[in-house]
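Undergrad: My questions will all concern the structure given below.
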Amino acid sequence: MSGCGCFPVTLDRSRKSSFKSKSSITSGSSKVLTGDAEKEIKNKESSVVVCFGEMLIDFVPTVSGVSLAEAEAFKKAAGGAPANVAVGISRLGGSSAFIGKVGDDEFGRMLASILEQNNVDNSGMRFDPNARTALAFITLTHDGEREFLFFRNPSADMLLTETELDADLIKKAGVFHYGSISLIEEPCRSAHFAAMEIAKSSGCLLSYDPNLRLPLWPSAESARDSIMSIWDKSDIIKISKEEISFLTEGDDPYDDTVVREKLFHPNLKLLLVSEGTEGCRYYTKEFNGHVAGVKVEAVDTTGAGDGFVAGVLSILASDLNLYKDEEQLREALLFANACGALTVTERGAIPALPTKEAVLQILEKVTACEAI
């Protein structure tokens, strides 16, 4: 990188992607659907991504590399993986909505306002006068391990009921995105199942990021069972290499055979494995491969995976058959890798989610460095 003005952005030259230009990334046109594809998604014209699940307040230490006990001050930031993805999509120029429940308190109203300020449709939010908005304290210690401390016993997000779902909003979606935290407790668990049924019956693509947070579950076994209980209902799944090890009970997360035989179900259209600075892997029925990561100076890794998912879904929503074209998919995944990378350059998740312009600028630097 000597002599390159792009520092500290680098590209893993040993695994170059097929990214060529930003024209294919920024295009909003959708391909005409025919045959089986038309039956599967019922000619969905909507490019809206509806995100379902938790939204909460993250407290992140103002100094990096300390434990929660050592931290002297915290920065308040909106968080919650599904909400992060919704904001990320909007920041990238897409259309998104959020469905979930918060407390009828100052934090809950603040979160609803943040969604509105970021052009996310928050009409599906509900406010509980009898429960508080969830809080989470998060830090990255000096040895690189993340620590979580949650306050939700129960928090409002756990109390969303099926009758509170905005079915009409779900039916408008081209993609319906969710995690696994909403599966931990009733009544939200039943509401989650019902929302998936509405989305599936209306022709949405179902997108799943388990986003494993073991401290929230009664046991590792209950987490594994619940996460896998909806596995075969999803069309798009994003997991981390750590989650592969957890879900397969210790198998090699880098083994393609493990991924294919244990995690790629017959109805799955696209499985993505995020690998942080190393990029990501992708698997479809026809092909699989790896797309290089975009490396930056990390400040806070909170929300990096959500930034990546937002990048993928922002493009997928405009072309629901993206997963069938490997070249276009690889370009979209490099874009998503850049989204995740930029998210770690600031503290907090939602405050750090990038705009499309910022992502395209960093990708131009990456391709410029490749040419040197």
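Undergrad: For region 325-336, indicate whether the set of residues that are touching a residue at least 24 places away in the same chain (Cβ under 8 Å), within 20 Å of residue 118 (Cα to Cα) and either assigned to a helix (DSSP H, G or I) or of a type in the set (Lys, Arg) (or both) is non-empty.
TA: The answer is yes, given that some residue of region 325-336 is touching a residue at least 24 places away in the same chain (Cβ under 8 Å), within 20 Å of residue 118 (Cα to Cα) and either assigned to a helix (DSSP H, G or I) or of a type in the set (Lys, Arg) (or both).
Undergrad: Check whether at least one residue in region 117-135 is out of contact with any Cys (no Cβ under 6 Å at 6 or more places or on another chain), of a type in the set (S, T, N, Q) and farther than 23 Å from residue 166 by Cβ, and report yes or no.
TA: no
Undergrad: Here is a list of conditions, (1) open to solvent by less than 20 Å² (accessible area, probe 1.4 Å); (2) farther than 24 Å from residue 90 by Cα, and residue 246 meets all of them except one; can you say which number that is?
TA: (1)
Undergrad: Is it the case that residue 348 is open to solvent by 20 Å² or more (accessible area, probe 1.4 Å), touching a strand residue (DSSP E or B) at 6+ places or on another chain (Cβ under 8 Å) and closer than 18 Å to residue 78 by Cβ?
TA: No, not satisfied.
Condition check ((1) farther than 16 Å from residue 51 by Cβ; (2) crowded, with 17+ Cβ neighbours inside 10 Å; (3) in contact with a helix residue (DSSP H, G or I) (Cβ under 9 Å, 6 or more places away or on another chain); (4) in contact (Cβ under 8 Å) with a residue 12 or more places away in the chain) across all residues:
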residue	(1), (2), (3), (4)
61	yes, yes, no, yes
66	yes, no, no, yes
69	yes, no, no, no
72	yes, no, no, no
82	no, yes, yes, yes
86	no, yes, yes, yes
89	no, yes, yes, yes
92	no, yes, yes, yes
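Results for (1) open to solvent by less than 60 Å² (accessible area, probe 1.4 Å); (2) over 22 Å from residue 308 (Cβ atoms); (3) part of a strand (DSSP E or B), shown as yes or no for each residue.
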| site | (1), (2), (3) |
| --- | --- |
| 101 | yes, yes, yes |
| 115 | yes, no, no |
| 122 | yes, yes, yes |
| 169 | yes, yes, no |
| 173 | yes, no, no |
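Undergrad: I've got another one for you. Considering only residues of region 124-156 that are in contact (Cβ under 8 Å) with a residue 60 or more places away in the chain and not in a strand (DSSP E or B), which is surrounded by the fewest Cβ atoms within 10 Å (Cβ to Cβ)?
TA: Checking each candidate, the answer is 142.
Undergrad: For region 178-187, state whether one or more residues are in contact with a Ser or Thr (Cβ under 6 Å, 6 or more places away or on another chain) and either at pLDDT below 95 or closer than 20 Å to residue 125 by Cβ (or both).
TA: Within region 178-187, one or more residues are in contact with a Ser or Thr (Cβ under 6 Å, 6 or more places away or on another chain) and either at pLDDT below 95 or closer than 20 Å to residue 125 by Cβ (or both).
Undergrad: Report the residue count in region 352-366 for those that are outside any loop (DSSP other than H, G, I, E, B), open to solvent by 50 Å² or more (accessible area, probe 1.4 Å) and not basic (Lys, Arg).
TA: 3
Undergrad: Looking at (1) β-branched (Val, Ile, Thr); (2) surrounded by fewer than 22 Cβ atoms within 10 Å (Cβ to Cβ); (3) within 17 Å of the chain's Cα centre (by Cα), which is the only condition residue 296 fails?
TA: Going through the list (1) β-branched (Val, Ile, Thr); (2) surrounded by fewer than 22 Cβ atoms within 10 Å (Cβ to Cβ); (3) within 17 Å of the chain's Cα centre (by Cα), residue 296 breaks only (3).
Undergrad: To continue, here is another question. If you check every pair at least six apart or on different chains, which have Cβ atoms under 9 Å apart with a residue in region 211-224 that is without any contact (Cβ under 8 Å) to a residue 60 or more places away in the chain first and a residue that is open to solvent by 30 Å² or more (accessible area, probe 1.4 Å) and of a type in the set (Asp, Glu) second?
TA: 212/242; 224/249
Undergrad: Related question: With 311, 307 as the choices, which residue is among the small types (Gly, Ala, Ser), in contact with a Leu (Cβ under 6 Å, 6 or more places away or on another chain), closer than 19 Å to residue 85 by Cα and not in a strand (DSSP E or B)?
TA: Going through 311, 307 in turn, just one is among the small types (Gly, Ala, Ser), in contact with a Leu (Cβ under 6 Å, 6 or more places away or on another chain), closer than 19 Å to residue 85 by Cα and not in a strand (DSSP E or B): 307.
The values are calculated or read from the model by the stated rules, or taken from the named source; none is laboratory data. Treat the numbers as computed from the prediction; the structure is a model and nothing was measured. Neighbour counts are summed over all protein chains in view; Cβ atoms, including those assigned to glycine, are modelled from backbone coordinates with ideal geometry. Keep in mind that these areas ignore ligands, DNA and RNA; they rest on the heavy atoms of the full protein, side chains included. Shrake-Rupley method; radii C 1.70, N 1.55, O 1.52, S 1.80 Å.
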